[in-house]
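Participant: One structure coming up, written as structure tokens, with questions to follow.
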Amino acid sequence: MRIQVLFPFNLCCSYEYSACSIGDSAKNAFHTNPKNTVFDAKRLIGRKMNEAAVKRDLEHLPFKVTEKNGTPLINVKYKGEPREFVSPK
């Protein structure tokens, strides 16, 4: 599994089998692909998974977030393979 830096954080990104949509097209793809549509990721920048604010935010995010060394990793499936994205420090 690849770990990549997720950028930019202020956009909505939707990862699909053949492409990555950004912005309005990603927002439109949310209804058909919620688990692979990343938004509000800037809330995770510089935070640790054990913080109360992060735990509260995770309840409302449709995409999967895991932990590595206390840092949140966003998990999506892109081009048929799992990818992990980490926020820049």
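Participant: So which chymotrypsin sites (Phe, Trp or Tyr not before Pro) in the stretch 34-89 end up in coil per DSSP with only 13 or fewer other C-beta atoms within 10 Å?
Facilitator: none
Participant: Relative to the compact globular guide of 2.2 N^0.38 Å, what is the alpha carbon radius of gyration of the stretch 2-86, as a ratio?
Facilitator: 1.03
Participant: Same structure, new question: In the stretch 2-86, what % of DSSP beta bridges are antiparallel (nearest 5)? Working shown, then result.
Facilitator: Details: 16 of 20 bridges.
Antiparallel bridges: around 80 percent, rounded to the nearest 5.
Participant: Shifting gears a bit: Quick one: if you stick a label point 7 Å off each Cα along the C-beta vector at THR32 and ALA52, how many nm between them?
Facilitator: Label-label distance for THR32 and ALA52, simple model: 4.2 nm.
Just so you know, all these numbers are worked out from the coordinates, no wet-lab data involved. Quick caveat: nothing in here was measured; it's all calculated off a predicted structure. Cβ sites come from the backbone with ideal geometry, for glycine too, and all protein chains shown count toward neighbours.
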